[in-house]
Each structure stands twice: as structure tokens, then as C-alpha cells.
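A.B. asks: Below is one structure. I have some questions about it.
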Amino acid sequence: MFHVNPAEPGARIHASDPFATPDRDKSAVRRLRGRLAAPVTLWTAPGPSGLTVSSMLVADGEPGRVLGLVDEESDFWDAVSVARRFAVTPLGTGDQQLADRFAGLMPAPGGLFALGDWIETEFGPVPAGAGTWAGCRLDGERPYGWALLVEATIQSINVDESPGAPLLHFRGKYRNLDR
């Protein structure tokens, strides 16, 4: 729905997404998932390629493990299936545009890695400002729901001793811990 202000030329777009599926028409599983806060992470692979991933977890152990749900038709999966390794970077509250770019929700003129500074690692590029990230070796994958469950072993970890607030995804929007 557009709201026109006669004092301003053009129109202003309504604050909500007019194309969003109403809650009543979404599956109960999707509605349940939307009520769980999820970390927003960036997964990158040599190639380079990358994807924003929120459906993931880290399992402690010897060795540590990472599980995530990714789109099997993504360029990221194509790169990981060849390289057999990738990097996982937790994103912070200032990384919304980065997350949207790698999720395919924002234009990426010149490519996904054209903006910002990147550090090349054997696991894939990592944002230069990222204090925490993990280098992972792909162990396996299998179809899981409408996604691909990726299982990996953590081979390298860099941990920021004073991390900022994490970027979270909840009910279709980015959130941080103070809201």
C-alpha cells in the first residue's frame, strides 16, 4: 500500500512488506521456527563464495563440530562441495547489510566480496573486522527438510576476547540483545 503526501513528489512505501505471507497462511513449523531467536552467521568458502546462515549450531567436544542448514542450490554449497572446507563467522549488530547481501536480499554490485575488507584464509574469506570465526572441514551432508544438513569438524578457531553484541534473527527481523 502506498501513502502519498501532496507536499512531497512521489510516494512512500508502507512500513510492512506488502508481499509477505500472512501468519495465518504460513505452516505451523515455519511459525514455530520464527519464534526461536537464531544467531546470524556468515559462512564462506574458497572460490570465493558465501551465504548467510541462521539455522546452525555448534557442538562442543573433541573435536568441536558445526551443523547447519544450507540451500543445496546455492553457489556457497557448490563451492563447499568442491573445497570441502569453509569458515563460519558470527555477525554483530552492525552487520545487517552484510547479512542481507549474502542472503541475496540486497544487491551486490561487483560481487558479494566487492565491499568491505576481507582476510583470505585456507577456509575462505573472513570479514577483516571479525574477531571470532571458525575454520571447518566438511564431514558430510544429507537432505533435511527443504535444506541440506551440513556436518563439519572445527579445525581452527579465532575468538575475540571482547565480542560485541550478536546479530540475531527473530520473527523475520534482525534483533540484538537489548531490544
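A.B. asks: Is one or more of the residues making up the range 9-27 modelled with pLDDT of 85 or more and over 23 Å from the mean Cα position of the chain (by Cα)? Break it down stepwise before answering.
C.D. replies: Step one: list which residues in the range 9-27 are modelled with pLDDT of 85 or more, which gives 27.
Then keep just the ones that are over 23 Å from the mean Cα position of the chain (by Cα); that gives none.
Checking the range 9-27: not a single residue is modelled with pLDDT of 85 or more and over 23 Å from the mean Cα position of the chain (by Cα).
A.B. asks: Another question, if that's okay. One residue is enough: does the range 124-136 have a residue meeting the conditions farther than 22 Å from residue 46 by Cβ and either touching a residue at least 24 places away in the same chain (Cβ under 8 Å) or open to solvent by 50 Å² or more (accessible area, probe 1.4 Å) (or both)? Quick ask: steps written out before the conclusion?
C.D. replies: First, the residues of the range 124-136 that are farther than 22 Å from residue 46 by Cβ: none.
Within the range 124-136, none of the residues are farther than 22 Å from residue 46 by Cβ and either touching a residue at least 24 places away in the same chain (Cβ under 8 Å) or open to solvent by 50 Å² or more (accessible area, probe 1.4 Å) (or both).
A.B. asks: Does the range 86-110 hold any residues that are in a loop (DSSP other than H, G, I, E, B) and open to solvent by 30 Å² or more (accessible area, probe 1.4 Å), and which are they? Walk me through it before giving the result.
C.D. replies: So in the range 86-110, the residues in a loop (DSSP other than H, G, I, E, B) come out as 91, 93-95, 103-110.
Once the filter is applied, which keeps residues that are in a loop (DSSP other than H, G, I, E, B) and open to solvent by 30 Å² or more (accessible area, probe 1.4 Å), the range 86-110 yields 93, 94, 95, 103, 104, 105, 106, 107, 108, 109, 110.
A.B. asks: Would you confirm whether any residue within the range 29-39 is assigned to a strand (DSSP E or B), in contact (Cβ under 8 Å) with a residue 40 or more places away in the chain, open to solvent by 40 Å² or more (accessible area, probe 1.4 Å) and under 17 Å from residue 137 (Cα atoms)? Break it down into steps so the answer makes sense when it comes.
C.D. replies: Initially, the range 29-39 is screened for residues assigned to a strand (DSSP E or B), giving 38-39.
Within this subset, residues satisfying the condition of being in contact (Cβ under 8 Å) with a residue 40 or more places away in the chain are 38-39.
Next cut, open to solvent by 40 Å² or more (accessible area, probe 1.4 Å) only: 39.
Filter again for under 17 Å from residue 137 (Cα atoms), leaving none.
No: zero hits.
A.B. asks: Still on this structure: Can you tell me which condition residue 172 does not meet? The list is (1) in contact with a helix residue (DSSP H, G or I) (Cβ under 7 Å, 6 or more places away or on another chain); (2) open to solvent by 30 Å² or more (accessible area, probe 1.4 Å); (3) modelled with pLDDT of 90 or more, and all the others hold.
C.D. replies: It is condition (3) that residue 172 fails.
A.B. asks: Continuing with this model, one more query. Since residue 72 meets every condition but one in (1) touching a Leu at 6+ places or on another chain (Cβ under 8 Å); (2) open to solvent by 70 Å² or more (accessible area, probe 1.4 Å); (3) in a strand (DSSP E or B), which condition does it not meet?
C.D. replies: Residue 72 satisfies all of (1) touching a Leu at 6+ places or on another chain (Cβ under 8 Å); (2) open to solvent by 70 Å² or more (accessible area, probe 1.4 Å); (3) in a strand (DSSP E or B) except (3).
A.B. asks: Which of (1) on the phi < 0 side of the Ramachandran plot; (2) within 15 Å of the chain's Cα centre (by Cα) is the odd one out, the single condition residue 104 does not satisfy?
C.D. replies: Going through the list (1) on the phi < 0 side of the Ramachandran plot; (2) within 15 Å of the chain's Cα centre (by Cα), residue 104 breaks only (1).
A.B. asks: Looking for whichever is without any contact (Cβ under 8 Å) to a residue 40 or more places away in the chain, open to solvent by 70 Å² or more (accessible area, probe 1.4 Å) and of a type in the set (S, T, N, Q) here; the options are 162, 156. Which one fits? Spell out how you get there, then give the answer.
C.D. replies: Numbers: 156 fails: open to solvent by 70 Å² or more (accessible area, probe 1.4 Å).
So the residue among 162, 156 that is without any contact (Cβ under 8 Å) to a residue 40 or more places away in the chain, open to solvent by 70 Å² or more (accessible area, probe 1.4 Å) and of a type in the set (S, T, N, Q) is 162.
The values are calculated or read from the model by the stated rules, or taken from the named source; none is laboratory data. This one's a predicted model, so the numbers in the text were calculated from it and none came from an experiment. Every residue, glycine as well, gets a Cβ built from its backbone with ideal geometry; the counts of neighbours run over all protein chains shown. Surface areas here come from the heavy atoms of the whole protein model, side chains and all, with no ligands, DNA or RNA. Shrake-Rupley method; radii C 1.70, N 1.55, O 1.52, S 1.80 Å.
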